[in-house]
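Colleague: The structure that follows is given in the form of structure tokens.
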Amino acid sequence: MFDKNKGNQENKDIQLVLLKTVNNNIELGLITNLLEENNIPYLLRDPGTGGYMRIIGGGSIYGTDILVEESFFERASEIIGSITLTE
């Protein structure tokens, strides 16, 4: 009934690479907005209980990893490298 191989579709593995680890929501929002404006897909990963901390407390002490697909890495690096964040 449901043939996985129907239509000669190739299963393509996606290789995610770490673009940057951010430690606050301002930097996270700035970078993710830049990626969205440039049509670069990304994935956020919170280590440990960081995801729960971000939901409940608004931020994580562990930081948040921003991952992009390997083919977008160079372009994404150039985009976020062009901004300067000062504390």
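Here, each number is a calculation from the coordinates, and none is a lab measurement. Every value quoted in this text rests on a predicted model; they were computed, and no experiment measured them. Because the Cβ atoms are built from the backbone with ideal geometry, glycine has one as well, and the counts that use them run over all protein chains shown.
Colleague: If I stretch the segment between Ile56 and Asn23 completely, what's the gain in nm (0.36 nm per residue apart, minus their alpha carbon distance), one decimal?
Modeller: 10.3 nm
Colleague: If we count other beta carbons within 10 Å of each Cβ, what is the order of Lys12, Lys20, fewest first?
Modeller: Lys12, Lys20
Colleague: What is the extension gain from Asp13 to Asn33, computed as 0.36 nm multiplied by their sequence separation minus the C-alpha to C-alpha distance, in nm to one decimal?
Modeller: Net length gain for the segment: 4.6 nm.
Colleague: Report the Cα-based extents of the range 16-81 along its three principal axes, largest first, to the nearest Å.
Modeller: In descending order, the Cα extents are 32, 20, 17 Å.
Colleague: Another one. Where Lys and Arg each count +1 and Asp and Glu each count -1, what net charge lies around Ile80 among other residues with Cβ under 13 Å from its Cβ?
Modeller: -3
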